[in-house]
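Below you'll find the structure, written out as structure tokens, and then a few comments.
The values are calculated or read from the model by the stated rules, or taken from the named source; none is laboratory data. Predicted, not measured: the structure shown is a model, and the values here were computed from it. Every residue, glycine among them, receives a Cβ derived from its backbone with ideal geometry; neighbour counts consider all protein chains shown. Each accessible area value is taken on the protein alone, full model and side chains, heavy atoms only, with ligands, DNA and RNA left out. Shrake-Rupley method; radii C 1.70, N 1.55, O 1.52, S 1.80 Å.
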Amino acid sequence: MTGKNSEFSLYFHLPFCKKKCDYCHFFVLPERELHKDQLLHGLRKEWQLIKAMCEDKRLVSVYFGGGTPSLFGSDRVAEILSWINPGPIEITLEINPDGVAEELMNAYAKAGINRASLGVQSFDDNLLQTLSRTHSSALARRAVDGIYNAGISNISIDLMFDIPGQTLKQWETSLITACSLPITHISLYNLTFEPRTVFFKKRKDLQPQTPDEATSQAMYKSAQAILPAHGLSQYEISAFSKPGCQSLHNSGYWKARPFLGLGPSAFSYWRGSRFRNIASLNKYCRMLEEGKRPIDFEETLEPAPSLRERFVINLRLLEGVDLNCYPGIDSISLRELESNGLITLQSGKAKLTDLGILHYDTIAAELI
Ligand code: SF4
């Protein structure tokens, strides 16, 4: 898959987890070997059905997300990579800290995984318990070292703020601990109470314990101060990296690079349409056995709303957006945002200001 002009990415949804976290709203299944084999079989069929769509495009990144993809097994991941023959590109595997055995990480590195995304969330044991995570802070630190020692040196970790009971001090300690480890990238998330989660059911008790708005903003700002001081520069609203280690795969989402998602519940964005696979392993496999694409939702936005949406998502990148690429964007709204100090408009580019980063949701609502 080389020598082609337009780029694309592949995403594989591997939904198995040892236990469902109380705040998680993803499509997740209990870990069973039989189901992993069933999924591998389905993925093979799905790839056979869609691979012709990619023939005129250049693959630039592969991402195994979930779930806990590291539970899928290195042989199965190696098999998937043998179908797509990706070459030397960014290949990310999401890993949970309690699944980092040295032998397994060596096998993933050998299979071709060259980037890890580790679901740490916090380095505070009490908060990890609140989140019902299955690892401790010490285990998370050992996991980073274990992945690094296996030769996967491009390591991203997820950290979460706005957790019930979380203090600014705890958050800053987690950030500083993260910076002491051999990582190259951090993605920040704020906890949200999503329907059909345990947290959502308990929201009357838990929501009052979450940090207030001023503390939440202070948490975000402290990340913006602490991480760059340790060599991790902010390049997107929630992403920080060492030089040259920005996530190529995630940058595709922000720049509207086409991607195909395989596996139950996986999303795709292709030729201006968004579609989603069915969120059931059995139905997903059955549809594939019948030779059908396992899609249960599809939408194509009209050109104007699609352009506005892509512009707003692209604006998340702090490098700014080339206005020449978005000729239909309402210049009056942009100038109003500029006069309110939320964006700058210079040298043909729109960029978020520091204030705009904090009020991105307002900007998005204004422009979409
Ligand atoms: S490990 Fe991740 S995907 Fe699995 S249940 Fe927890 S949050 Fe969800």
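Structure notes:
- When the residues of segment 8-23 are filtered to those that are in contact with a Lys or Arg (Cβ under 9 Å, 6 or more places away or on another chain) and part of a strand (DSSP E or B), the one that is farthest from the ligand (Cβ to nearest atom) is PHE8.
- All positions within segment 105-132 that are part of a helix (DSSP H, G or I) and either among the hydroxyl-bearing types (Ser, Thr, Tyr) or within 21 Å of THR184 (Cβ to Cβ) (or both): MET105, ASN106, TYR108, ALA109, LYS110, ALA111, THR130
- Of the residues making up segment 56-98, those that are within 13 Å of the ligand (Cβ to nearest atom) and not in a strand (DSSP E or B) are GLY67, THR68, PRO69, SER70, LEU71, PHE72, ASN96, PRO97, ASP98.
Rundown of residues vs (1) among the aliphatic types (A, V, I, L, M); (2) buried (at least 19 other Cβ atoms within 10 Å of the Cβ), yes/no style:
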residue: GLN166; (1), (2): no, yes
residue: TRP171; (1), (2): no, yes
residue: ILE183; (1), (2): yes, yes
residue: LEU191; (1), (2): yes, yes
residue: GLN217; (1), (2): no, no
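- Enumeration of residues in segment 193-212 that are open to solvent by 40 Å² or more (accessible area, probe 1.4 Å) and under 18 Å from LYS169 (Cβ atoms): GLN209, ASP212
- Test: PHE26 is open to solvent by 60 Å² or more (accessible area, probe 1.4 Å) and near the ligand (Cβ under 10 Å from one of its atoms): yes
- Search result, residues across segment 29-44 that are within 16 Å of the ligand (Cβ to nearest atom) and open to solvent by less than 40 Å² (accessible area, probe 1.4 Å): LEU29, LYS36, LEU39
For every residue, the table says whether it meets (1) among the hydroxyl-bearing types (Ser, Thr, Tyr); (2) within 19 Å of the chain's Cα centre (by Cα).
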| site | (1), (2) |
| --- | --- |
| ASN154 | no, yes |
| LEU168 | no, no |
| THR177 | yes, no |
| LEU188 | no, yes |
| THR192 | yes, yes |
| ARG203 | no, no |
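- Condition met for LYS51 (away from the ligand (no atom under 16 Å from the Cβ) and either surrounded by 15 or more Cβ atoms within 10 Å (Cβ to Cβ) or within 22 Å of ILE155 (Cα to Cα) (or both)): no
- Enumeration of residues in segment 107-118 that are in contact (Cβ under 8 Å) with a residue 40 or more places away in the chain and surrounded by fewer than 21 Cβ atoms within 10 Å (Cβ to Cβ): ALA109, ASN114
- In the set (1) closer than 20 Å to SER241 by Cβ; (2) hydroxyl-bearing (Ser, Thr, Tyr); (3) open to solvent by less than 60 Å² (accessible area, probe 1.4 Å), the condition left unmet by TYR148 is number (3).
- Complete set of residues in segment 330-361 that are more than 14 Å from ARG316 (Cβ to Cβ), open to solvent by 40 Å² or more (accessible area, probe 1.4 Å), out of contact with any strand residue (DSSP E or B) (no Cβ under 8 Å at 6 or more places or on another chain) and in a helix (DSSP H, G or I): SER331, ILE332, GLU336, SER339, ASP354, LEU355
- Members of segment 140-163 that are part of a loop (DSSP other than H, G, I, E, B) and more than 16 Å from the ligand (Cβ to nearest atom): ALA150, GLY151, ILE152, SER153
- Checking LEU248, LEU227 one by one, the residue that is closer than 18 Å to ILE357 by Cβ and either in contact with a Cys (Cβ under 9 Å, 6 or more places away or on another chain) or in contact (Cβ under 8 Å) with a residue 24 or more places away in the chain (or both) is LEU227 and no other.
- Qualifying residue in segment 121-139 (condition: away from the ligand (no atom under 16 Å from the Cβ), closer than 30 Å to TRP47 by Cα and surrounded by fewer than 17 Cβ atoms within 10 Å (Cβ to Cβ)): no
- Residues satisfying the stated conditions in segment 151-164, i.e. within 12 Å of ILE95 (Cβ to Cβ) and crowded, with 19+ Cβ neighbours inside 10 Å: ILE152, ILE155, SER156, ILE157
- Scanning segment 287-312 for residues that are of a type in the set (D, E, K, R) and buried (at least 17 other Cβ atoms within 10 Å of the Cβ) yields ARG308, ARG310.
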